[in-house]
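Any read-out appearing in this document is the output of simple, stated calculations on the displayed coordinates, not a laboratory observation. Only a predicted model underlies this, so the values are computations on that prediction, with no experimental measurement involved. Virtual Cβ from ideal backbone geometry, glycine too; neighbours counted across all protein chains shown.
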Amino acid sequence: MESAIGNSVYNFIDLVGTSTTSWEEAVSNAIACAGEKLTNMRIAEVVEMDTTLVEGRIVQFRARVRLSFKHEVEPETL
């Protein structure tokens, strides 16, 4: 029997979110997109932020996010 604490396995994926407005929105976009397919998301760590420039002006904010989510075992694999 699994206790309420411990005995869990987590997967990690790296995502890159983009926005023309802000880094915060870029992070939110990455998490929202992942949330359409993933369940049990736990922690999002912003690993790197950068911008795309055109003629010296920021045209896009990008955020690389490392996302963890709880690994779920399919019942048929038990």
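Worth pointing out:
- Linear extension gain, T18 paired with Q60, 0.36 nm per residue minus alpha-carbon span: 14.4 nm
- Counting charges near R62 (Lys, Arg +1; Asp, Glu -1) among other residues having Cβ under 12 Å from its Cβ returns a value of -2.
- Taking the Cα centre of the range 11-69 as reference, the dipole from Cβ charges on Lys and Arg (+1) and Asp and Glu (-1) amounts to some 140 debye.
- Couplings for the range 44-56, taken from phi via the Karplus curve 6.51 cos²θ - 1.76 cosθ + 1.60 with θ = phi - 60°, read 10, 10, 6, 8, 7, 10, 8, 9, 9, 10, 10, 6, x Hz in order; Gly and Pro are left as x.
- Extended-chain gain in nm, criterion 0.36 nm per residue less alpha-carbon gap, D50 and S28: 6.4 nm
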